[in-house]
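Here is the structure we will look at.
What follows is calculated from the coordinates using simple rules that are stated; it is not laboratory data. The structure displayed is predicted, hence computed values, not measured ones. For neighbour counting, all protein chains shown are included, and Cβ atoms are generated from backbone atoms with ideal geometry for every residue, glycine included.
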Amino acid sequence: MAYSEKVVDHFNNPRNVGSLPKQDPTVGTGLVGAPECGDVMKLQVKVNPETGVIDEAKFKTFGCGSAIASSSLATEWLKGKTVDQALAIKNTDIVAELALPPVKIHCSVLAEDAIKAAIADYKKKQQAGQ
Amino acid sequence: MLKFPIYFDNHATSPVDPRVLEAMLPYFTERFGNAASRNHKYGWEAEEAVEQARKQIADLIGASPKEIVFTSGATESDNLAIRGAAYMYREKGDHIITAVTEHKAVIDTCKRLEKEGFRVTYLPVKKDGLVDLGQLRAAITEKTVLITIMTANNEIGVLQPIAEIGAIAKEKGVLFHTDAVQAVGKVPFDVNALNVHMASITAHKMYGPKGIGALYVRRRNPRVLLTPIIEGGGHERGMRSGTLNVPGIVGFGKAAEICRLEMAAESVRMQALRDRLNRKLHERLDELYINGSMDHRLPGNLNISFAYVEGESLLMGINDVAVSSGSACTSASLEPSYVLKALGAGDELAHSSIRFGLGRFNTEEEVDYVADKLVSVVSKLREMSPLYEMVKDGVDLSKMQWSAH
Ligand SMILES: Cc1ncc(COP(=O)(O)O)c(C=O)c1O
Ligand code: FES
């Protein structure tokens, strides 16, 4: 299968690969997928508690090139967004930006799930801290 | 000088040997005759060429030329062998034994027969990919008419104990067919030594052209009869009608002759290249898992799982190398390889697998390039892998609660 230029670019030069400290109360971690399904995504956000703006986002992905590109793109989009704006990111936005073919739509769904899981984790920590 | 992409996918198909092409060319042009034309030189020339090729192929597998039935390829050969025998011997019994790791041409033919009322036993395989002879023996009943087990697997390259299976089939009076596509021309294969009744072969896996294959059908001890699945002009002793693909057959014959003459030296060279690749990878990468027995294996095959790295992303990273993966992401069905799943090592290893199929035209220089490339891409992807990170942090992945999606 041929990949779009944008997928190839994210795959070859992935943005924001890495990890943030999981225990940090301002960091939310989302881990979605399963190894036996062939895809696991870890996405983390670091939120400025004052402003509610995402300062940093990092990912690590086990999955196909489109899954890696989807999570790389997601971290790019997350930075600078508020938590609520982040929740508005839809998998269809990722599909459109990366020109993903139909068989790769679930890779973008995984990225949306990872964003939601990371934000949910951050919110849970904030509530627990109050 | 390396030529890209480097072709390490010789189980999918192999390039045509230039000597084969040269032998074929006149049969497209001045010697274009129909081998069934009895009344002129064009026909005689074509027939003579076909009979020479039949002998070349028979010689490679220790058969007699009359036992070679030409088909359009091994898919058709598998269909003809299994359906042809099932229909012919239906009075005797309705039970067929095969294995879960067979090629789809065998599995789907068996499934079709099940819909038609036949019963099929799909033997599991052991962790090393081989069938258990005790289980095979136990599966044979009064009603068993056919055992069909492949000689070499197209994904993991493992060689089944064909001689032992042949002996069991002989003892029990059951017909034995083997899909020998990946083995013939690569390792010694003799229909008499192995007690095989039928064997499927195809030219395009042994440096011949695509679209031409054969089924070996035993004529003595016992004489095997088949119900044809393609009817028509009664070619190939009535077992397979249709005008013969003369240039294809000529190429197939030449390819078989080259294999017969060069196999001994070539297999040593293939195995040396394969072992070099394996060694270079193991020297520089940890957590590699070889799929299938290393002791009973085609010399040119290596199937490795690079743990914590997904196969399609790996293929994307080594895009100047042509190989294939058992990963779900590379398949249209989004299912990982059923062959690797059958080994019982867990689906995650199937997702991380790469099949290397080395062939006649590969070189040491190519092996070195591919090994270096893999080491760098696997290392990079592992840096990107949440699973690798977790394992390095001491997390037991099998104990994790994963969110299925
Ligand atoms: C083991 C095996 N059997 C059958 C086939 C089908 O052969 P053909 O492509 O000639 O139909 C193949 C090749 O894809 C194969 O590897
Ligand atoms: S992760 Fe499997 S297709 Fe994308």
Measuring from label point to label point, each 7 Å out along Cα→Cβ, what is the A:Gln23 to B:Thr141 span in nm?
6.3 nm
Calculate the length of the line joining the C-alpha centroid of region B:246-282 to that of region B:317-371, in whole Å.
20 Å
Put a dot 7 Å past each Cα toward the Cβ at A:Ala96 and B:Gln401; how far apart are the dots in nm?
3.6 nm
Can you bin the protein assembly as shown into rounded, prolate or oblate? Criterion: square roots of the alpha carbon gyration tensor eigenvalues sorted a ≥ b ≥ c, rounded for a/c under 1.5, prolate for a/b above b/c, oblate for the rest.
prolate
Which of the aspartates and glutamates could a cross-linker bridge to A:Lys104, judged by Cα under 17 Å and excluding same-chain residues fewer than eight apart?
A:Glu5, A:Asp9, A:Asp39, A:Asp93, A:Glu112, A:Asp113, B:Glu310, B:Glu312, B:Glu335
Reach of B:Lys115 by Cα under 29 Å, taken over lysines that are not fewer than 8 positions away in the same chain:
B:Lys92, B:Lys104, B:Lys126, B:Lys143, B:Lys170, B:Lys172, B:Lys341
Chain B: angle of helix B:41-61 to the longest principal axis, Cα-based, in degrees nearest 10
50 degrees
Report the full-extension gain for the segment B:Lys170 to B:Phe32: residue separation times 0.36 nm, less the Cα-Cα distance, to one decimal in nm.
45.4 nm
Spin-label model distance (nm) - B:Asp368 vs A:Glu5, 7 Å beyond Cα toward Cβ
3.7 nm
5 angstrom amide H check on A:Glu56, placed H, neighbours 5+ away:
A:Lys46
Below 8 Å, C-alpha to C-alpha, sequence gap of six or more: please give me the relative contact order for chain B in percent.
21 percent
Net charge dipole size for region B:213-328 [Lys, Arg +1 and Asp, Glu -1 on Cβ; Debye, nearest 20]
840 debye
Taking a straight Cα-to-Cα line shorter than 12 Å from A:Lys123, and setting aside same-chain aspartates and glutamates fewer than 8 residues away, one finds A:Asp84
For a quick size check, give me the Cα extents of region B:155-300 along its three principal axes, largest first, whole Å.
60, 41, 27
Do the alpha carbons of any pairs in A:Lys90/A:Lys125; A:Lys58/A:Lys90; A:Lys60/B:Lys280; A:Lys22/A:Lys79; B:Lys373/B:Lys399 sit beyond 22 Å of each other, and which pairs?
A:Lys90/A:Lys125; A:Lys60/B:Lys280; B:Lys373/B:Lys399
Non-local residues with an amide H under 5 Å from the amide H of B:Phe176, with H modelled 1.01 Å from N and Pro and chain starts lacking one, are B:Ile147, B:His197, B:Met198
What average count of beta carbons from other chains do you get within 10 Å of the Cβ of residues in B:345-354?
3
Estimated [θ] at 222 nm from DSSP helical runs (n ≥ 4, -39500 (n - 2.57)) normalised by residues in chain B, nearest 500:
-12000 deg cm²/dmol
Using the Cβ atoms and a cut-off under 14 Å, what net charge is assigned to the surroundings of B:Lys41, where Lys and Arg are +1 and Asp and Glu are -1?
-2
Give me a comma-separated list of calculated 3J(HN,Hα) values for region A:37-42, in order, Karplus coefficients 6.51, -1.76, 1.60 applied at θ = phi - 60°, integers in Hz, x for any Gly or Pro.
8, x, 8, 9, 10, 10
Shielding by partners, peptide B:323-333 (average Cβ within 10 angstrom, other chains):
3
